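The values are calculated or read from the model by the stated rules, or taken from the named source; none is laboratory data. Quick caveat, the model's predicted, so the values are computed rather than measured. Cβ coordinates were reconstructed from backbone atoms using ideal geometry, including for glycine residues, and neighbour counts include every protein chain displayed.
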Amino acid sequence: MAVAIYNVGRVLTDVGQFELALNHFDFSRRLSQQVNDVDGFSYLDNAIGEVYLKKKDFKRAEKSFKDALNSVRSRNLTIIEPRVTNNLARLKFELKEYEKALAYYDSSIQLYQRASNEFGITEVNLGISKIYIEQNKFNEALSLIEQSLITAKNNNARKMELDCYSLLSSLAERKGDYKNALSHLKTYKLFEDSLYSREMQEKLFQDQLRLQTEFKDLRIAELSRTNAQQDSAIRRQELTRNILVVVFALTAILLFTVYRSSQRRIRINKLLVEHQKEIKKRSDELEQLNKVKDKFFSIISHDLRSPINALSAILELAEKEQLTASEFKSVTKDLRKQFNHARTLINNLLDWALLQMDNLQAKAEEVDLANVIDENVKLLENQALKDMKLVNMVPSGIKVETDLNMFNLVLRNLIMNAIKFSEAGGIIEIATPKNDEHFVTVSVKDYGIGISKEVQKLLFDKTQGYSTRGTANEKGTGLGLILCKEFVEKNGGKIWFESEEGVGSTFYFTIKKSTHKA
């Protein structure tokens, strides 16, 4: 009975019912004490430590694991010792004490090697690979993970194989190899879906309810037997009273069980409702993504085909020597413009795709706002776009926290838009009209043709991707402002604009103010 209740506690730990698991372990300990099962205390201390580790209560977890380790070593329980040292290594990893974690893993792997436990060795190798990833020892980590993956596949250990793909994805992401990170993540998700379906979770809840009922029945039976032994001498005199007590107890248990069952059904119904809402949300997201996909294909088929076809035609004419030098110079100048547009489109499409896959993470750093804007202004002025005058009105000394690459993309997109819809020789002003305790507002103002009311409604709609030609017949991709919105929001800010036809437009976005003290 002690072992069975201990195993139920392990199952409850795996499904996240930590308090109920601790109750089972406590009851199992009391049964072990009754039968003097001293070895069982080592297993219980280790299991309790795992519960506290999952609850992030590291102090209690360490005490339980060390109690277990002292017990197994004093009683020479070599079968459980590597499991305890492995758990201590996991604890030290959570505390970022990597050298201590490696020392415990070394102890575990030696014990598993003595026992020829291939699965134990593989589990330790996966733990060591996590430490190597944190220490940027990527090659060593990759070698261990690949060895573990081979072992898992050969032995059809699907849970271990799932862990390997998760670590491969994390490793590739840390190395900046987002393509392989995405590939491993997709494989991980496929395995995860097959292992942890919604039906399995509901079955676990139902099994848990059944185990709780059986657990209570076991306790009632034990109490009944104990009372029967203690009252055997006076059973005849108190028979009527004992029957009434038992009936009352059984009635109370039955009522309590019925109540708990109704509460469980209510919770399950709530889970089903939430699940339906989640399915509806996912369906809406898929529908929107499908519209975005259609828009992408439309852009790619229209805007990428033209420069490629033009290049093919020019090369064919040049090969046949049907173009003069002056004609070739003229057409290549126009072709260069088309390819610049195509390059901008491709860059925007790639950035957008990374955003949709959540692979583009904002890495905030402290920067001087005026200096960064100056760098972008000089870069664009050197390109002599329409002979525009770019004026940086931002005062020096304003420190902000942002992902520099994302900030540069947003600022350049807004300035390029302002240039696109302004007449040659005009002025573009970059300023900070508002600077409060937490955010700085950056504005990009032009005195161009402005935006109509109808178009204003479409600018930030990613399912539309609206684009129109500029004052010099410049093309647009329809993705620039959408990327600006995504990047600004990814850095914790917001973006908006004001515009009047024939007067000009002003785009605003907020950026977090630096919290570092000088």
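For segment 162-174, state whether one or more residues are over 21 Å from the mean Cα position of the chain (by Cα) and free of Cβ contacts under 8 Å to residues at least 24 places away in the same chain. Quick ask: steps written out before the conclusion?
Here is the first cut: in segment 162-174, the ones over 21 Å from the mean Cα position of the chain (by Cα) are none.
No: zero hits.
For segment 15-33, check the following and say yes or no: at least one residue is touching a Lys or Arg at 6+ places or on another chain (Cβ under 7 Å) and among the hydroxyl-bearing types (Ser, Thr, Tyr). No, segment 15-33 has no match at all. Out of the residues in segment 37-94 that are modelled with pLDDT of 90 or more and either β-branched (Val, Ile, Thr) or at positive phi (or both), which is surrounded by the most Cβ atoms within 10 Å (Cβ to Cβ)? Top of the filtered list is 84. For segment 462-469, check the following and say yes or no: at least one residue is under 31 Å from the mean Cα position of the chain (by Cα), surrounded by fewer than 15 Cβ atoms within 10 Å (Cβ to Cβ), at pLDDT 90 or above and over 19 Å from residue 399 (Cα atoms). No, that holds for no residue. When residue 28 is tested against the conditions (1) crowded, with 19+ Cβ neighbours inside 10 Å; (2) more than 28 Å from residue 121 (Cβ to Cβ); (3) at pLDDT below 90, the lone failure is (3).
Would you call residue 448 in the same structural domain as residue 485 (by TED's automatic domain parsing) and under 24 Å from residue 516 (Cβ atoms)? Taking the combined requirement at face value, the residue does not satisfy it. Listed by first and then second residue, the pairs linking a residue in segment 90-114 that is within 15 Å of residue 133 (Cβ to Cβ) to a residue that is of a type in the set (S, T, N, Q) and surrounded by fewer than 15 Cβ atoms within 10 Å (Cβ to Cβ), with Cβ atoms under 8 Å apart and 6 or more places separating them unless they lie on different chains, are 98/135. Reported count of residues in segment 152-183, each being acidic (Asp, Glu) and not in a helix (DSSP H, G or I), is 1.
Among the residues of segment 229-258, those identified as farther than 19 Å from residue 219 by Cα and not basic (Lys, Arg) are 232, 233, 234, 237, 238, 239, 240. Determine if segment 224-239 includes at least one residue that is farther than 24 Å from residue 8 by Cβ, at pLDDT 85 or above and of a type outside the set (Gly, Ala, Ser). Within segment 224-239, one or more residues are farther than 24 Å from residue 8 by Cβ, at pLDDT 85 or above and of a type outside the set (Gly, Ala, Ser).
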